[in-house]
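First comes the structure, then the notes that go with it.
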Amino acid sequence: MKKITAVLVGAGDRGANAYASYAINNPGTIQFVAVAEKNDEKRKHFQEVHHIPDEMAFSSWDDLFAKGKLADAILICTNENYHYEPAKKAMEQGYHILLEKPITQEPVTSVEIGDMAANYDKVFMLCYVLRYTPFFAEIKRVLDEGALGELKTIVHCENTGIAHFSHSYVRGMFSREENAGPMILSKCCHDMDILNWLTGSRCVRLSSFSTPTYFNAKNAPEGAPARCTDGCPYSDSCYFYAPKMYSVPRSGFNVDMISLDTSPEGKMEALETGPFGRCVYHCDNDVVDTQVINMKYENGVTVAFSMTAYSEECYRTIKLTGTRGEIEGNLEKNEFVVKDFATGRHDTIQVSTVLDRHSGGDYFIMTDFIKLVREGKAGGRTSTKGAVDSHVMCFAAEKSRKEDREIDLEEYKEELRAKVGK
């Protein structure tokens, strides 16, 4: 099988490490021949790792697209408020596309890109990596074989992890809705997608609620400075004290993400000058730290979803009930139990994967993407044309919690489609 060529737009952690690292570990499958990244340090680092010449390294995607089509495929992994333009230009130039979630951070443009993808004759996949985890793939197999009888309910919990939440959603790039969209979209749109996949149906109505964020100035300890490195009197007792927090590995959270220079000196400089050294109570974050959604599906299945920042570990749990049995599982443990009501039998299914990023999902989505590009086939398990419903659900959940009312999904989707192009 031939090696495919690819360009990367956005050389942050997801682009450079979650996906492009596949080329390093599987050199006969894919080769990156160009990169567009505005951060000089990240761009140069990616160049060195993938042996990309200077003339194929760009500080903006406009410069990259100005060169015409440079490869078979493109991976778009920019910040999510910068997905719309490169996605449209990539389609215009005929690339096979892997787009980091979400499609965009806006309801109307997400529907627009999704509808365009429905008529695109190349591979256009969204990075809904949960579908590619052996854990959810095996649950889907068990469901499809009828082990639970008729599926009735799902309870799904996204325990974000307090370290991960404070890094990404208080101090980091996802802390403000204007920059990254709603929390429920940036963190949980692929949870909505996995629920759609498991139910085999479409959500028709939902309601959502949240609580005000705890991370604000009124909850700051007296005398806490704006930055942890400015002599905080609570350095010994505060969980979020940055020099301590970024020195000890924690669940779902890479302590080296704050700087490409991972030496103690490099990390301390990043904390003294960058966003991750700020006191969590003196940031400008405005996204929610808890949210619940209740959903009704077309086939009668009801779903309760919960996202919370307040967990020690970063993990997802799920419980599915049917007329013949139930399933309880933990994604991070790669394990679920199938319980049969009639026999009383409990079968524990341990899913095997040695891959840690998204329980193997990041690796397996790249494997499938490369296979589809080689074959020149549109589609894929996470085709973007099928991802619109999950996005509409997230935006509808925001509308519900802000307006304190239930939302009809079809009516809302039609409202959005009516605004496309206006």
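Tabulated values for the structure
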{"read-out": "Boolean, residue 30 is over 30 Å from residue 167 (Cβ atoms), touching a residue at least 60 places away in the same chain (Cβ under 8 Å) and in contact with a strand residue (DSSP E or B) (Cβ under 6 Å, 6 or more places away or on another chain)", "value": "no"}
{"read-out": "Output for the stretch 209-256, where each listed residue is under 30 Å from residue 293 (Cα atoms) and among the small types (Gly, Ala, Ser)", "value": "210, 217, 220, 251, 252"}
{"read-out": "Boolean, residue 110 is open to solvent by 20 Å² or more (accessible area, probe 1.4 Å) and small (Gly, Ala, Ser)", "value": "no"}
{"read-out": "Qualifying residue in the stretch 311-333 (condition: out of contact with any strand residue (DSSP E or B) (no Cβ under 7 Å at 6 or more places or on another chain) and within 17 Å of residue 164 (Cα to Cα))", "value": "yes"}
{"read-out": "Selection within the stretch 393-410 - part of a helix (DSSP H, G or I) and either modelled with pLDDT of 95 or more or under 12 Å from residue 209 (Cα atoms) (or both)", "value": "393, 394, 395, 396, 397, 398, 399, 400, 401, 402, 403, 409"}
{"read-out": "Output for the stretch 50-71, where each listed residue is open to solvent by 50 Å² or more (accessible area, probe 1.4 Å), farther than 23 Å from residue 373 by Cβ and in contact (Cβ under 8 Å) with a residue 12 or more places away in the chain", "value": "59, 63"}
{"read-out": "Residues (open to solvent by 20 Å² or more (accessible area, probe 1.4 Å) and among the small types (Gly, Ala, Ser)) located in the stretch 284-335", "value": "300, 304, 306"}
{"read-out": "Test: residue in the stretch 251-266 that is over 24 Å from the mean Cα position of the chain (by Cα), modelled with pLDDT under 95 and among the hydroxyl-bearing types (Ser, Thr, Tyr)", "value": "yes"}
{"read-out": "Number of positions in the stretch 77-107 that are polar (S, T, N, Q), under 21 Å from residue 378 (Cβ atoms) and open to solvent by 30 Å² or more (accessible area, probe 1.4 Å)", "value": "1"}
{"read-out": "Residue 74 surrounded by 19 or more Cβ atoms within 10 Å (Cβ to Cβ) and at pLDDT 95 or above", "value": "yes"}
{"read-out": "Scan of the stretch 1-34 for residues that are crowded, with 18+ Cβ neighbours inside 10 Å and in contact with a Gly (Cβ under 9 Å, 6 or more places away or on another chain), ordered by number", "value": "8, 9, 16"}
{"read-out": "Considering residues of the stretch 324-371 that are in a loop (DSSP other than H, G, I, E, B) and among the β-branched types (Val, Ile, Thr) only, the residue modelled with the highest pLDDT", "value": "343"}
{"read-out": "Residue check, residue 228 in contact with a strand residue (DSSP E or B) (Cβ under 8 Å, 6 or more places away or on another chain), of a type outside the set (S, T, N, Q) and at negative phi", "value": "yes"}
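The values are calculated or read from the model by the stated rules, or taken from the named source; none is laboratory data. Not measured: the values here are computed from a predicted model. FYI the Cβ positions are ideal-geometry reconstructions off the backbone, even for glycines, and counts take in every protein chain you see. When the accessible area is computed, the model is the full protein with side chains, heavy atoms only, and any ligands, DNA or RNA have been set aside. Shrake-Rupley method; radii C 1.70, N 1.55, O 1.52, S 1.80 Å.
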